[in-house]
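The values are calculated or read from the model by the stated rules, or taken from the named source; none is laboratory data. What you see is a predicted model, and the numbers here were worked out from it, not measured in a lab. Don't worry about glycine lacking a Cβ; one is built from the backbone with ideal geometry, like all the others, and counts go over all protein chains shown. Note: areas computed on protein heavy atoms with side chains; ligands, DNA, RNA excluded. Shrake-Rupley method; radii C 1.70, N 1.55, O 1.52, S 1.80 Å.
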Amino acid sequence: MPETLVSIIMGSDSDWNVMADAAALLTEFGVAHEVEVVSAHRTPDKMIAFGREAASRGIRVIIAGAGGAAHLPGMVASVTTLPVIGVPVPLARLDGMDSLLSIVQMPAGIPVATVSIGGATNAGLLAVRILASSDPVLSEAVAQYSRELESTVEGKNAALKARIGA
């Protein structure tokens, strides 16, 4: 079994409907990952232990999704030297703007890379790119992924032109 390199954490199991996209992207690239509910507010001791122990367990990147006050990404970043990618999870109110602002406005010295509201796919891809910086095989897989995106766009362009008669 491959070594687990990425942790996907979230403040509540209700965040999984967004965070599942990060897991799917990591699976697509064959990157071993784990999923855990770690609440900054309801299980602070667990969160601190998780953040402090992640690197010693072989984790290389943490993807942290949170909604509302969204303290999880920043609090985990404050107790680890690993890169943390924050995913603002949209809730019923404020459409995720509260989450975005909570995650992106970190004080100097506690960096959290932040993707768009609900942007777990990009969080997964950013984690893969971080890992690919020291893994030539993964780097080539990322390059192939980009080529496939380019091909998809060209196909959509041709289909649109055919549809409108251009």
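The stretch 101-166 and the stretch 52-71 have Cα centres lying 20 Å from one another. Compared with the dominant Cα axis of the chain, that is its longest principal axis, helix 136-164 is turned about 50°. Pull out a ≥ b ≥ c, the square roots of the eigenvalues of the alpha-carbon gyration tensor of the stretch 1-98, then state rounded if a/c is under 1.5, prolate if not and a/b is larger than b/c, and oblate in the remaining case. Since a/c reaches 1.5 but b/c is at least a/b, the shape of the stretch 1-98 is classed as oblate. Assuming a ≥ b ≥ c are the square roots of the Cα gyration tensor eigenvalues, decide whether the stretch 21-67 counts as rounded (a/c under 1.5), prolate (otherwise, with a/b larger than b/c) or oblate. Taking the square roots of the gyration eigenvalues as a ≥ b ≥ c, the stretch 21-67 is oblate. For a modelled paramagnetic label at ALA166, 7 Å from Cα along Cα-to-Cβ, the residues of the stretch 124-160 in reach, with backbone nitrogen under 16 Å, are 153-160. Highest mobility in the GNM of the chain, judged by mean-square fluctuation with C-alpha springs under 10 Å and restricted to GLY74, GLY51, GLY109, is found for GLY109. Summarising the strand pairing of the chain, around 0 percent of its internal DSSP beta bridges are antiparallel. Restricting the stretch 26-71 to trypsin sites (Lys or Arg not before Pro) that sit in a DSSP loop and have at most 15 other Cβ atoms within 10 Å of their own Cβ leaves ARG42.
Determine the relative contact order of the chain: mean sequence separation of Cα pairs under 8 Å and six or more apart, normalised by residue count, in whole percent.
21
Mean residue ellipticity at 222 nm from the helices of the chain, using -39,500 (n - 2.57) per DSSP H segment of n ≥ 4 over the full residue count, to the nearest 500 deg cm²/dmol? Let's see the in-between values first.
Values: 6 runs with 79 residues, N = 166.
The per-residue figure over the chain is -15000 deg cm²/dmol.
Using the beta-carbon distance between GLU53 and LEU94 and R0 = 22 Å, what value does 1/(1 + (r/R0)^6) give for FRET efficiency, to the nearest 0.05? Efficiency for this residue pair is about 0.10.
Using the alpha carbons alone, the radius of gyration of the stretch 106-166 stands to its Kirkwood radius in an Rg to Rh ratio of 1.18. In the full protein context, the chain carries 54 Å² of accessible surface per residue, based on a 1.4 Å probe and ignoring ligands, DNA and RNA.
A protection proxy built from the mean count of other Cβ atoms within 10 Å ranks the segments 61-68, 142-149, most packed first, as 61-68, 142-149. Among [x] 49, 36, 27; [y] 60, 38, 25; [z] 60, 40, 30, which one is Cα extents along the principal axes in Å computed from these coordinates? Computed from the coordinates, Cα extents along the principal axes in Å corresponds to [z]. Backbone amide hydrogens, once placed in the peptide plane, bring VAL35 within less than 5 Å of ILE8, excluding anything fewer than 5 places away on its chain.
Taking 0.36 nm per residue of separation and subtracting the current Cα-Cα distance, fully stretching the chain between LEU101 and LYS46 would add 17.4 nm.
A Gaussian network model of the chain, with springs between Cα atoms under 10 Å, assigns the largest mean-square fluctuation among SER102, SER134, SER39 to SER134.
Here the chain has 57 percent of its accessible surface on carbon and sulfur atoms, given a 1.4 Å probe and all protein chains in place.
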